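Visitor: Here it is, the structure, as structure tokens.
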Amino acid sequence: MAIHFDRAQASARRLRKAPTLAESALWKLIRDKQLDGLRFRRQVPLGPYVADFCCLSERLVIEVDGGVHRLREAEDAKRDAWLEAGNFAVLRFGNEVVLGKPHLVFEGIRSAVRRHRDDTPHPSGSACHLPPQGGKAMSESTEIWFYHLERSTLDQVLPELLGRTLQRGWRALVRVADERRLEDIDERLWTWREDSFLAHGRADEPNAARQPILLTQSMENPNGAQALFIVDGSDLGATETYQRCFIIFDGRDDTALTGARERWKGLKGQGANLAYWKQTDEGWQKAA
């Protein structure tokens, strides 16, 4: 996973430094939420591919095609099919359209956004919002699990835990301490594996309530998540609305380890329902 992420990031950085004339022109028009408040990014890694432009909250990819794309139609079709299988809409515009008729690009974007919003169910009707089979709407005592990392990194462990959370039929909320960490997790979830990614969104973007995985710095739970993930020592806050809370920390970091121990002691004194998991040579083992 780390190798794939590094490769995708390196490719994206290279492409950002050498945009085509049409890409530069379009970026000037859609950057900084200029188009209907939509947040676009340029050269975004998505699995094995890098999208020219992407609005993650609306699941929309925009490709600006030059003449070379006429020679790679089969390759582009395979790429588009992979993205569409992940619920992305893919819009392709030739250089001449972007440079000469940008209003057609805007109309295409707006139409795609309307279709996405019309097709996306409200969270109350989504299977992801339901508790796991045999579970209750809300647990009588929220479980709080500490994950002590020793042999893996957060970038390796968090996607696996989030994937299992979705498999249970739960939604997830990932609470981070700062914007830089949020950006890093955001990027890595889109490049989780060569053949897949974890669909997610950010609390500061549209449709936050509809996201199966939501990244946030706030104390709210806008997507009705049953699982809360705490990283980098961010605040735990009230836990009553969650089935389970995961506090993930790096045991190789003295500051993080001390903070986790203090948090454990405080929660134990409050009578919280706690469990402590630690990495060993044999895998994860429950230590308390």
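Just so you know, all these numbers are worked out from the coordinates, no wet-lab data involved. Nothing here was measured: the structure is a model prediction, and the numbers come from that model. Don't worry about glycine lacking a Cβ; one is built from the backbone with ideal geometry, like all the others, and counts go over all protein chains shown.
Visitor: Can you tell me the orientation of helix 179-190 relative to the chain, as the angle in degrees between its alpha-carbon axis and the longest Cα principal axis, to the nearest 10?
Guide: Tilt relative to the chain: about 70 degrees.
Visitor: R0 = 51 Å: FRET efficiency of ARG117 with TYR276, Cβ-based, nearest 0.05? Could the numbers behind the result be given before it?
Guide: Numbers: r = 43 Å, r/R0 = 0.84.
The formula returns an efficiency of 0.75 here.
Visitor: Turning to a different aspect of this structure: For PHE229, PHE88, PHE106, what ranking results if the residue with the fewest other Cβ atoms within 10 Å of its Cβ goes first?
Guide: On the way: PHE229 25, PHE88 22, PHE106 14.
Going from least to most buried by this count: PHE106, PHE88, PHE229.
Visitor: Full extension from LYS33 to ALA238: what is 0.36 nm times the residue separation minus their Cα-Cα distance, to one decimal in nm?
Guide: Residue separation times 0.36 nm, minus the Cα-Cα distance, leaves 70.5 nm.
Visitor: Using the Cα centre as the reference, give the magnitude of the dipole from point charges on the C-beta atoms of the chain (Lys, Arg: +1; Asp, Glu: -1; all else neutral), rounded to the nearest 20 debye.
Guide: Values: 42 positive and 42 negative charges, 33 e Å.
In total the dipole reaches around 160 debye.
Visitor: Right, here's the next one. Tell me which label goes with the value of Rg/Rh (Cα atoms, Kirkwood Rh) computed from the coordinates here: (i) 1.04; (ii) 0.93; (iii) 1.01.
Guide: The listed entry that was calculated here is (iii).
Visitor: A further question on this structure: Using Cα atoms only, what is the angle between the long axis of helix 102-119 and the major principal axis of the chain, expressed in degrees (0 to 90) to the nearest 10?
Guide: 40 degrees
Visitor: Show the residues, 5+ positions off or on another chain, whose built amide H is closer than 5 Å to the amide H of ILE213.
Guide: Correct list: ALA172, GLY201.
Visitor: Looking only at ARG14, ARG210, ARG79, which one moves most when the chain is put into a Gaussian network model with springs between Cα atoms under 10 Å?
Guide: With Cα springs under 10 Å in the chain, the top fluctuation among ARG14, ARG210, ARG79 is at ARG14.
Visitor: From zero up to wherever the largest Cα-Cα distance of the range 2-120 sits, split into 10 Å bins and tell me the percent of pairs in each.
Guide: 13, 45, 37, 5, 0
Visitor: Under a GNM of the chain (C-alpha, springs under 10 Å), which listed residue has the highest mean-square fluctuation: ARG39, ARG151, ARG59?
Guide: With Cα springs under 10 Å in the chain, the top fluctuation among ARG39, ARG151, ARG59 is at ARG151.
Visitor: Which angle from 0 to 90°, rounded to the nearest 10, does the C-alpha axis of helix 2-17 make with the longest principal axis of the chain?
Guide: That works out to roughly 40 degrees.
Visitor: Another question about this same structure. What is the range 127-286's relative contact order, in percent, from Cα pairs under 8 angstrom and six or more apart in sequence?
Guide: On the way: 287 pairs, mean separation 53.6, N = 160.
Relative contact order for the range 127-286 comes out at 34 percent.
Visitor: On full extension of the chain, what length is gained from GLU96 through LYS17, given 0.36 nm per residue of separation minus the C-alpha to C-alpha distance?
Guide: Working: separation 79, 0.36 × 79 = 28.44 nm, distance 2.16 nm.
Gain on extension, GLU96 to LYS17, equals 26.3 nm.
Visitor: With the dipole of the chain worked out from charges on the C-beta (+1 for Lys and Arg, -1 for Asp and Glu) around the Cα centre, which of GLY163, LEU267, ALA287 lies farthest toward the positive end?
Guide: So the residue we want is GLY163.
Visitor: Give me the percent relative contact order of the range 2-120, please, defined on Cα pairs under 8 angstrom at least 6 residues apart. Please list the in-between numbers first.
Guide: On the way: 128 pairs, mean separation 25.5, N = 119.
Once divided by the residue count of the range 2-120, the mean separation gives 21 percent.
Visitor: Would you look at the GNM of the chain, springs on alpha carbons closer than 10 Å, and say which of ALA225, ALA85, ALA260 moves the most?
Guide: Of ALA225, ALA85, ALA260, the most mobile in the Gaussian network model is ALA85.
Visitor: For the range 127-286, build the convex hull from the C-alpha positions and give me its volume per residue in Å³.
Guide: Working: hull volume 19.8 nm³, N = 160.
Measuring per residue, one finds 124 Å³ for the Cα hull of the range 127-286.
Visitor: What percent do you get for the relative contact order of the chain when only Cα pairs under 8 Å and 6+ apart count? Walk me through the intermediate numbers first.
Guide: On the way: 473 pairs, mean separation 55.1, N = 288.
Once normalised by length, the contact order is 19 percent.
Visitor: Suppose we keep just the DSSP beta bridges with both residues in the chain; what percent of those would be antiparallel, to 5?
Guide: Approximately 25 percent, going by the DSSP bridge assignments.
Visitor: Could you list VAL174, VAL97, VAL44, VAL61 so that the one with the fewest beta carbons within 10 Å of its beta carbon is first and the one with the most is last? Please report the intermediate quantities before stating the final value.
Guide: On the way: VAL174 28, VAL97 18, VAL44 21, VAL61 25.
Fewest-to-most Cβ neighbours within 10 Å comes out as VAL97, VAL44, VAL61, VAL174.
Visitor: Moving to a separate point now. Taking the Cβ of each residue in ARG193, ARG181 as the centre, tally the other Cβ atoms inside 10 Å and list the residues starting with the fewest.
Guide: Values: ARG193 14, ARG181 17.
Sorted ascending by nearby Cβ count, the order is ARG193, ARG181.
Visitor: Another question about this same structure. Between ALA199 and ARG252, what's the calculated FRET efficiency when r is the beta-carbon distance and R0 is 25 Å? Round to 0.05. Display every interim value, and only then the final one.
Guide: Values: r = 31 Å, r/R0 = 1.23.
Approximately 0.20, to the nearest 0.05.
Visitor: Please give the net charge around GLU179, taking every other residue with its beta carbon less than 12 angstrom from that of GLU179, where Lys and Arg add +1 and Asp and Glu add -1. Display every interim value, and only then the final one.
Guide: On the way: positive: ARG180, ARG181, ARG202; negative: ASP178, GLU183, ASP184, ASP186, ASP204, ASP232.
My count for the surroundings of GLU179 gives -3.
Visitor: What nm distance separates the two modelled labels at GLN167 and GLU187, each placed 7 Å from Cα along Cα→Cβ?
Guide: Once both label points are built, they end up 2.8 nm from each other.
Visitor: In addition: Report the net charge of residues surrounding PHE249, where surrounding means a beta-carbon distance below 12 angstrom and charges are Lys +1, Arg +1, Asp -1, Glu -1. If you can, show how the numbers build up before the last one.
Guide: Values: positive: ARG252, ARG261, ARG263, LYS278; negative: GLU150, ASP232, ASP250, ASP253, ASP254, GLU262.
After counting each charged neighbour, the total is -2.
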